[in-house]
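Shown next, in structure tokens, is the structure this report addresses.
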Amino acid sequence: MARELKVLGVLDSAKTQWYHFTAIVIAGMGFFTDAYDLFSISLVTKLLGRIYYFDPSSATPGSLPPNVSAAVNGVAFCGTLTGQLFFGWLGDKMGRKKVYGMTLMIMVLCCVASGLSFGSSANGVMATLCFFRFWLGFGIGGDYPLSATIMSEYANKRTRGAFIAAVFAMQGFGNLTGGIVAIIVSSAFKESFDAPAYRDDRAGSTVPQADYAWRIVLMFGAVPALLTYYWRMKMPETARYTALVAKNTKQATADMARVLNVELAAEDPEEADKPDHHREHQFGLFSKEFARRHGRHLLGTTVCWFVLDIAFYSQNLFQKDIYTAVGWLPRADTMNALQEMFKISRAQTLVALCGTIPGYWFTVFLIDVIGRFAIQLGGFFMMTVFMIGLAVPYHHWTTPGNQVGFIVMFSFTFFFANFGPNSTTFIVPAEIFPARLRSTCHGISAAAGKAGAIVGSFGFLYAAQSTDPAKTDAGYKPGIGVRNSLFVLAGCNVVGFLFTFLVPESKGKSLEELSGEHEEDDEPELTSTATTELGITSPPPAAGSK
């Protein structure tokens, strides 16, 4: 079936045109918003602690209790995981375009609601904030499979990797913008409402107006999402979904003729009117045939994304060491609340600018040259090397005078994560599965990654605590220490390196060739046997629409 559709061949061989860049911007702005919303909370958590958990008898500023901090920072990840599974499945059932608008409106509403969190007590405000951030994460989760799938189905096979990578690279700009917005807001409030340092006036160091600062930062995330909504609704459904899943080749041809701005010959009416016996033989996600064709691919994408995000999201454990080493963060009691927010935002903005963005764009420029497999394998290998290089002489790196080496090693770990598996684990699942299961399988892979993010962010937050009870952070029990945690993370990278061998190289191949859809016509009897045994058939075709 897939090999007979002329429109898909035209898409695969199409020259890079304006509509490709339009699709990158539309899908990329979704990821820009996603990154802004997920990472902006880390810029204001210190401020939240000072405002809502102030203790006048304490020599140190107020801070979020460990359970509250974990909830505020982690609840969006839980929502994201849920949204990836749900909207990934829904994108295959209803179509990419219809679901794409839903996720964006959820994000807009919950961004605004997060900034309006209310309560009669500190825990009440935090509970309301967590509620809205869960649903914000739910909407963000839908953007992962849908953005990747839409971009892969719009792109030509020659530059498809670069286009999907460019969408994902907008995360870096989302992080950067989050830091810039927080810098502007904190600077404006700091200049307008001067306050002494905490050690000079404990109560006066946090002005009442600071309660507006964090709300503005969180609510600003709705702006880029709103700017994107109109253009998302103008995009036609992808030709691959319309032709291969909804079975409306005439509509697919008309849509692509319009966006490519060329005349496309319609499919042979006699062929189009033939009964679709092939559809009866399509295998489902839980069929033996799917396991035979794509089981190891799905295992590879899920495990690689899971272990990658454990290592990637655990890197925030070392940021406080870096910020302190280079003097970006003075002691908390020497600053007022808004000064601390400003300095944290400045530090994270510099990390995004120097460590995050370059790796993403190395991937964009090189992925269709050296391939996904080499980038992912090399990325896991180099992350392992640099994490072991941090772990073995850890005490050396943390002694005065050696901090520059620590910063360099840390930066290279971050660079090879982004010029490596952090990008490729997003790209490959959008290429190697059949159109009718593509969004679902990407959602499953992404959800595995977000489970890894939860482990990396919070499991290692506890595990990395010092083995000496006197040196743990307030409210935490002793752990295995940062050095041993680094060895564990290096082991996670080794697992990712090994499971990369289960994932096929997709450079320069059509989606139908990668997914095996062009082979399904050649093996109707085999497919029929597999699906008949399990009683699995595909859902009825969705109504063709733009």
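The values are calculated or read from the model by the stated rules, or taken from the named source; none is laboratory data. Treat the numbers as computed from the prediction; the structure is a model and nothing was measured. With ideal geometry, Cβ positions are generated from the backbone for all residues, glycine too; neighbour counts draw on all protein chains shown. SASA here: full protein model, heavy atoms, side chains in, ligands and nucleic acids out. Shrake-Rupley method; radii C 1.70, N 1.55, O 1.52, S 1.80 Å.
Tabulated results
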{"read-out": "Among residues of the stretch 50-75, those that are touching a Leu at 6+ places or on another chain (Cβ under 7 Å) and modelled with pLDDT of 90 or more, counted", "value": "1"}
{"read-out": "Where a residue in the stretch 77-95 is under 16 Å from Asp34 (Cα atoms) and its partner, wherever it lies, is open to solvent by 60 Å² or more (accessible area, probe 1.4 Å), with Cβ under 9 Å and at least six apart", "value": "Gly79/Trp135; Gly83/Trp135; Phe87/Met102"}
{"read-out": "Residue among Gly88, Gly79, Gly83 that alone is closer than 18 Å to Tyr313 by Cα and not hydroxyl-bearing (Ser, Thr, Tyr)", "value": "Gly79"}
{"read-out": "Within the stretch 464-503, tally of residues that are in a helix (DSSP H, G or I) and either without any contact (Cβ under 8 Å) to a residue 12 or more places away in the chain or closer than 18 Å to His395 by Cα (or both)", "value": "15"}
{"read-out": "Condition broken by Phe77, with the remaining ones in (1) under 23 Å from Ser120 (Cβ atoms); (2) part of a helix (DSSP H, G or I) satisfied", "value": "(1)"}
{"read-out": "Pick from the stretch 323-342, criterion under 16 Å from Ala182 (Cβ atoms) and modelled with pLDDT under 90, ranking: surrounded by the fewest Cβ atoms within 10 Å (Cβ to Cβ)", "value": "Trp328"}
{"read-out": "Residues satisfying the stated conditions in the stretch 265-298, i.e. more than 29 Å from the chain's Cα centre (by Cα), modelled with pLDDT of 90 or more and within 30 Å of Lys250 (Cα to Cα)", "value": "Glu289"}
{"read-out": "Meets criteria (in contact (Cβ under 8 Å) with a residue 12 or more places away in the chain and under 23 Å from Leu226 (Cα atoms)) for Met107", "value": "yes"}
{"read-out": "Sole exception among (1) at pLDDT 95 or above; (2) open to solvent by 10 Å² or more (accessible area, probe 1.4 Å); (3) under 19 Å from the mean Cα position of the chain (by Cα) for Thr384, by number", "value": "(3)"}
{"read-out": "Those residues of the stretch 248-263 which are surrounded by fewer than 18 Cβ atoms within 10 Å (Cβ to Cβ) and either at pLDDT 85 or above or part of a helix (DSSP H, G or I) (or both), in sequence order", "value": "Lys250, Ala257, Arg258"}
{"read-out": "Single condition Phe39 does not satisfy, out of (1) among the aromatic types (Phe, Trp, Tyr); (2) at pLDDT 95 or above; (3) open to solvent by 60 Å² or more (accessible area, probe 1.4 Å)", "value": "(2)"}
{"read-out": "Condition met for Leu47 (touching a residue at least 12 places away in the same chain (Cβ under 8 Å), within 24 Å of Gly141 (Cβ to Cβ) and crowded, with 20+ Cβ neighbours inside 10 Å)", "value": "no"}
{"read-out": "Enumeration of residues in the stretch 76-101 that are modelled with pLDDT under 90 and surrounded by fewer than 19 Cβ atoms within 10 Å (Cβ to Cβ)", "value": "Lys98, Gly101"}
{"read-out": "Condition met for Gly544 (open to solvent by 50 Å² or more (accessible area, probe 1.4 Å), under 30 Å from Lys98 (Cα atoms) and at pLDDT below 80)", "value": "no"}
{"read-out": "Condition check for Ala451: out of contact with any helix residue (DSSP H, G or I) (no Cβ under 8 Å at 6 or more places or on another chain), in a helix (DSSP H, G or I) and either at pLDDT 95 or above or open to solvent by 20 Å² or more (accessible area, probe 1.4 Å) (or both)", "value": "no"}
{"read-out": "Criterion: at positive phi and not aliphatic (A, V, I, L, M) - qualifying residue of Gly161, Gly139, Gly172, Gly119", "value": "Gly119"}
{"read-out": "Any hit, the stretch 519-539, residues being assigned to a helix (DSSP H, G or I), at pLDDT below 90 and under 30 Å from Tyr462 (Cα atoms)", "value": "no"}
{"read-out": "Members of the stretch 54-74 that are open to solvent by 30 Å² or more (accessible area, probe 1.4 Å) and under 28 Å from the mean Cα position of the chain (by Cα)", "value": "Ser63, Pro65, Asn67, Ala71, Asn73"}
{"read-out": "Enumeration of residues in the stretch 152-171 that are hydroxyl-bearing (Ser, Thr, Tyr) and over 20 Å from Glu505 (Cβ atoms)", "value": "Tyr154"}
{"read-out": "Unmet criterion (only one of (1) on the phi < 0 side of the Ramachandran plot; (2) touching a helix residue (DSSP H, G or I) at 6+ places or on another chain (Cβ under 9 Å)) for Gly95", "value": "(1)"}
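Rundown of residues vs (1) among the β-branched types (Val, Ile, Thr); (2) touching a residue at least 12 places away in the same chain (Cβ under 8 Å), yes/no style:
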residue	(1), (2)
Phe380	no, yes
Ile388	yes, yes
Pro400	no, no
Gln403	no, yes
Ser411	no, yes
Gly420	no, yes
Ile427	yes, yes
